[in-house]
């Protein structure tokens, strides 16, 4: 594949074990199916879970949708990512603010947005963190992420 014209996407949440891992898996699945020349990664603004696998419920819900994220490992957002990725999507306003602070002068507003800003019919532009609820929350979040990833494909394909 032509690496020169490869599009690079980064999906960011707090700990990189729930939302951004599911979003990465969903988008990678769509990229593979459509044979797009895209690179998709995820990370968290906190290093609390660095090196850990995704949350068990994230793995379960993804697997039920034929997506395997079980071997993914959490990593932490770095300011250099502003230069390395073409599009960076944040799960909520706090992650957005935290990444902006971490980035300092490397922050690139033109590459950065809340993921749910892609969906016109959503009022709350924050992807709810399923960490704080039961397993049902992971299913709700998966559907939100799937719709947003469809919009990414539609927008950049």
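Taken together, the values in this text are just the output of simple stated rules run on the coordinates, not laboratory data. Small disclaimer: the values here were computed from a predicted structure and weren't measured. Positions of Cβ are generated from backbone atoms using ideal geometry, with glycine treated the same way; all protein chains shown enter the neighbour counts.
Highest mean packing first, where packing is the average number of other Cβ atoms within 10 Å per residue, the peptides 41-51, 74-84 line up as 41-51, 74-84. Among 87-96, 17-26, the peptide with the highest mean count of other Cβ atoms within 10 Å heads the list, and the full ranking is 17-26, 87-96. When both the range 50-76 and the range 5-42 are represented by their alpha-carbon centers, they are found 12 Å apart.
Relative protection proxy for 131-140, 108-117, from highest mean packing down: 108-117, 131-140 (other beta-carbon atoms within 10 angstrom). Comparing 143, 100, 32, which has the greatest mean-square fluctuation in the GNM of the chain with Cα pairs linked when under 10 Å apart? In the Gaussian network model the winner is 32.
With springs connecting C-alpha atoms under 10 Å apart, model the chain as a Gaussian network and identify which of 69, 102, 59 has the largest mean-square fluctuation. Taking springs between Cα atoms under 10 Å, the residue moving most is 102. Entry note, the chain: the mean residue ellipticity at 222 nm calculated from DSSP H runs of n ≥ 4, each adding -39500 (n - 2.57), is -12500 deg cm²/dmol after division by the residues and rounding to the nearest 500. Computing percent of Cα pairs over 27 Å apart directly from the structure and comparing it against (i) 15; (ii) 53; (iii) 46 singles out (i).
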